[in-house]
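Taken together, the values in this text are just the output of simple stated rules run on the coordinates, not laboratory data. A quick note: this is a predicted structure, and the numbers were derived from the prediction, not measured. Using ideal geometry, Cβ is built from the backbone for each residue, glycine included, and neighbour counts are taken over all protein chains shown.
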Amino acid sequence: MPIAALLLAAAISQTPPDSIFRDGYDAGAACLATINGSTGPLDLRERSDIIYLPDGARVRHNVDVTQWDNIWGHIDEVDDVTPWPGVPGSSPTIHTVGKTEYIGAKFHVPLDVPPTLFGKYKHVIYGGGPNVDATISRTCGDFETREPGCWVQNWESNDNFTLYWRINSTANLYCNLVPGGDYYLNIRFSDPETTGPDCRNDGTCQMTFQHQLGGL
């Protein structure tokens, strides 16, 4: 029974991420089409092709990237979906994300999740794209959270595991996930004026994240 892997800030800057000013939605509500961040408006990216490493020809087209399972619930372009926590070792590339867009990928933590379960993410160096800000939050598009371990700022694609979560965690290194809860993995490019790597002339870039699991 699949159950999870998702991010967390570890041993990285203690400076809180840039605030994002949310416009009238509560925790657990649907993602807004546009949120107003400290760097300007960010539009929700709803669909993108997904490329699965290591072969750039393994493409899943026009994927709904507002759902976590559609991204990390696959390890190639032909397998069936594996619900959260998805497929260990999956390395999906979200191919098209605007420099002024954000990803809000919703996932659900089952009530029967193993209490020892934990996961970790790395921003893959090959095809990983520009630096990003990322959070795990009950609220879609929440880049303001200060929950221990639940955010990382200016995360470069360096192949280091940097984002960690754990079920019912009390350690600051791990983002605490509660069985039965709904969460969002929120990701945006740190610099909306970035020129790369892995950016194109149309104002879009790509981002690649691998996740691994432990404690099963």
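Could you state the principal axis extents of the C-alpha atoms in region 83-193, from the largest down, to the nearest angstrom?
41, 28, 24
For the chain, what is the percent of antiparallel DSSP beta bridges, rounded to the nearest 5?
Antiparallel bridges: around 90 percent, rounded to the nearest 5.
What does the helix-only formula give at 222 nm for the chain: each DSSP H stretch with n ≥ 4 adding -39500 (n - 2.57), the total divided by the residues, and the result rounded to the nearest 500 deg cm²/dmol?
-500 deg cm²/dmol
For the chain, just give the cysteines left without a disulfide-compatible partner, judged by no other Cys Cβ under 4.7 Å.
Singleton cysteines: none in the chain.
Run a plain Debye calculation on region 40-139 (Cα atoms as equal point scatterers, no solvent) and give log10 I(q)/I(0) at q = 0.23 Å⁻¹, rounded to two decimals, same order as the q list.
Ignoring solvent entirely, the Cα scatterers give -1.46.
Could you tell me which of 168, 184, 212 has its Cα farthest along the dipole of the chain towards the positive end, charges placed at Cβ (Lys, Arg +1; Asp, Glu -1), taken about the Cα centre?
With unit charges placed on the Cβ atoms, the residue in question is 168.
Return the FRET efficiency for the residue pair residue 216, residue 193: r is the Cβ-Cβ distance, R0 is 45 Å, and the value is rounded to the nearest 0.05.
E between residue 216 and residue 193, to the nearest 0.05, is 0.60.
Please get the size of the charge dipole for region 99-216, origin at its Cα centre, with Cβ charges of +1 on Lys and Arg and -1 on Asp and Glu, quoted in debye to the nearest 20.
Here region 99-216 has a charge dipole of around 300 debye.
Between residue 46 and residue 171, what is the label-point separation in nm under the 7 Å Cα-to-beta-carbon projection?
Rounded to a tenth, the inter-label distance reads 4.1 nm.
Out of residues 5 or more away from residue 65 or on other chains, whose amide H comes under 5 Å of its own, with H placed 1.01 Å from N in the peptide plane?
Residues meeting the criterion, in which the H sits 1.01 Å from N, are 47, 48.
Kindly provide log₁₀ I(q)/I(0) values, in the same order as q = 0.08, 0.13 Å⁻¹, from the Debye equation applied to equal alpha-carbon scatterers of region 20-214.
-0.23, -0.63
Under 12 Å Cα-Cα from residue 122, which aspartates and glutamates qualify once same-chain neighbours fewer than 8 residues away are excluded?
Partners within reach: 156, 159.
What is the sum of charges, Lys and Arg at +1 and Asp and Glu at -1, for the other residues whose Cβ falls under 15 Å from the Cβ of residue 201?
Spelling it out: positives minus negatives among the neighbours equals -1.
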